[in-house]
Amino acid sequence: MADVIDYKIYGDDMQMVEIELDPQEGVRAEAGMMMYMEDGIAMQTGTGGGLFSGFKRMVTGESFFITTFMNSGSKKANVGFAAPYPGKIIPLDLDKLGGTFLCQKDSFLCAANGIDIEVAFTKKLGAGLFGGEGFILQKLTGNGLAFIHSGGTIVERNLAAGESLRVDTGCLVGFSPSVDYDIQFVGGFKNALFGGEGVFLARVTGPGLVYLQTLPFSRMADRIKAAAGGARNEGGSTINAGNLIGSFFGKD
């Protein structure tokens with residue numbers, strides 16, 4: 001049984017979630033996500049399920065360790081977690097979602113103590129070879145609250161049985177295990193080379209819940225990289241970070 005936790009989400013485009021823990025309650029999070037913790041909260045770092053779980057996480061680009069923040073005091077205490085880039089935080093009640101949810105490996109933020117956080121690989125060869133961000137997923141299992149984050153705005157779709165969407169692989173945040181996930185070739189020589197959407201798209205087919213994001217971090221990073229590459233004055237020196245940010249957001 002997962003701990004029953006209370007929470008509040010603050011902010012709009014740069015959100016954080018504050019978790020209220022009763023004595024002996026805890027919350028698990030990826031390394032580097034914690035923003036602050038009050039007196040009484042103790043950090044307990046582990047592999048999240050043994051050495052094998054730690055190694056699986058490490059080879060897929062995740063941290064070897066998961067940290068549990070436990071309220072070891074005698075009164076309620078709060079701990080805050082912030083998303084690493086602009087976007088929205090999505091609370092997931094796994095008990096209402098059938099006990100399992102799949103998400104992109106970079107979207108997991110934190111979860112109540114007792115939620116299992118495992119690395120999951122897509123089952124189909126095409127998705128594995130060409131899925132990009134969608135190849136390696138995280139499986140959240142349990143009956144409590146978990147939190148994932150998306151870049152930009154959240155788009156929630158409840159797909160009916162047989163209903164499909166073709167999605168940029170980076171725009172897919174998470175989905176119910178009942179949703180079928182595969183990778184398809186865009187089709188057409190000019191589409192593949194000049195369409196600007198990549199050579200492959202993810203196809204998700206219902207029934208089930210799907211979360212999409214309007215601004216994948218990879219897309220934002222590409223824009224910043226492009227701005228940085230062209231941001232040189234005639235003397236060859238780079239302009240300052242304020243001008244780069246202004247360039248990215250289209251402001252002076």
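From most to least packed by mean Cβ count within 10 Å, the peptides 75-87, 4-16 give 75-87, 4-16.
Packing here is the average count of other Cβ atoms within 10 Å per residue, and on that basis the peptides 110-117, 159-166, highest first, run 110-117, 159-166.
Packing-based ranking of 90-99, 169-178 yields 169-178, 90-99, ordered from highest to lowest mean Cβ neighbour count within 10 Å.
The slack in the chain from THR100 to PHE185, taken as 0.36 nm per residue of separation less the alpha-carbon distance, amounts to 27.7 nm.
Summing charges over neighbours of PRO23, with a neighbour being any other residue whose Cβ is under 9 Å away from its Cβ, gives 0 when K and R count +1 and D and E count -1.
Bear in mind these aren't lab numbers, they're just calculated from the coordinates by the rules spelled out. Owing to the predicted nature of the structure, the values given are computational and were not obtained by experimental measurement. As a convention, Cβ positions derive from the backbone with ideal geometry for all residues, glycine included, and neighbour counts pool all protein chains shown.
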